[in-house]
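Just so you know, all these numbers are worked out from the coordinates, no wet-lab data involved. Just so you know, these numbers come straight off a predicted model, no measurement behind them. Note that we place each Cβ from the backbone using ideal geometry, even for glycine, and neighbour counts take in every protein chain shown.
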Amino acid sequence: MPDQTTPQSPGYHYAVIARALALIDKAGPGLTLDDLAAQMNMSPAHFQRVFSQWVGISPKRYQQYLALDHARQMLAERFTVLDTALATGLSGSGRLHDLFLRWEAMSPGDFAKGGAGLTIRHGWFDSPFGAAIVMGTDKGICGIGFAADMGAEAAVTDLTRRWPKASFVADPDPLRPWVKAAFGPNDPGDGQTETPLHLIGAPFQIKVWEALLRIPTGHVTTYSELAGAVGHPKAVRAVGTAVGRNPISFLIPCHRALRKSGDLGGYHWGLPVKRAILAWESARTGM
């Protein structure tokens, strides 16, 4: 795993933010900057500096994004009807599309083989949300998991058991340019503007994941909307299962799927990570 203690690393920043999230959840919006910094054994100035480097706005403003009603606010103000998302051009504003992300799906027959004949390289990388295990084939990234909530060993096991007959090789170097494009600054001049994905799943799962890719950055939709978008409006539970089985977290944005009530619903890599990703994206899209 990468060293998350370096003050300049996104993983270090997320470790600080994750602790802050727990304190904010427990204390509510009345928690002041001074109180929050003191509970984390940091000076207010240092805490605010680390916070701003990670999210780009003040802790007070970020607390508003993390409020318990934030998901409901997003549903009210940034709800995406997937059937019209492409027609209105909304999806063109998403960060994934700015990166010219492309994807290729495994055939149903190949998927049924459980990954037999596939070589999947993997490695640990720093991300804005802590340590991330990233896996990929020659065609692109096929798995991203976050260890902040469930732990490193569980995250690796979770992904590898999805393709039980594949050959897994610890070799992060071929993945590094894709990871840089996925988590790094969106700079068209850096020579790396594409993140290829290799979707390995059952046909129904891939249809759901394709629908998730149509949700623009900073927007959300509901599980029932996803069900309608894939042509199975009554299969909300099956859609929820497919969302939970999405192996490429963050890039295939399962975190943008909410319940109709505005509740966050579940998140495979932990609800604290889901809330942090939603708040992180909201801050960057100026919600």
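Worth pointing out:
- In this calculation the C-beta distance from Glu194 to Ala238 is compared with R0 = 25 Å, giving a FRET efficiency of 0.20.
- In plain terms, the chain from Asn41 to Ser58 could stretch by 4.3 nm, reckoned as 0.36 nm per residue minus the Cα-Cα distance.
- Unsatisfied cross-links (Cα-Cα over 29 Å) in the set Lys60/Lys274; Lys207/Lys274; Lys180/Lys234; Lys60/Lys234: Lys180/Lys234; Lys60/Lys234
- Amide H contacts of Ile120 (H built 1.01 Å from N, in plane; Pro and chain starts excluded): Ser167, Phe168, Val169 sit under 5 Å, all sequence-distant by 5 or more or on other chains.
- Cα-projected label distance for Asp110 with Thr157, points at 7 Å along beta-carbon direction, nm: 2.9
- Integer Hz, Karplus 6.51/-1.76/1.60 couplings in order for region 207-217, x for Gly and Pro: 4, 5, 5, 4, 5, 4, 5, 8, 7, x, 4
- In this simple spin-label approximation, Leu33 and Ala170 carry label points 7 Å from Cα along the Cα→Cβ vector, and these lie 4.3 nm apart.
- Under 5 Å, built H, 5+ apart or other chain: amide partners of Cys142: Met135, Gly136, Thr137, His198
- Two-site label geometry, Arg259 and Lys180: point separation in nm, points 7 Å out along Cα→Cβ: 4.3
- Nearby lysines by direct alpha-carbon distance to Lys165 (threshold 17 angstrom, same-chain neighbours under 8 apart not counted): Lys113
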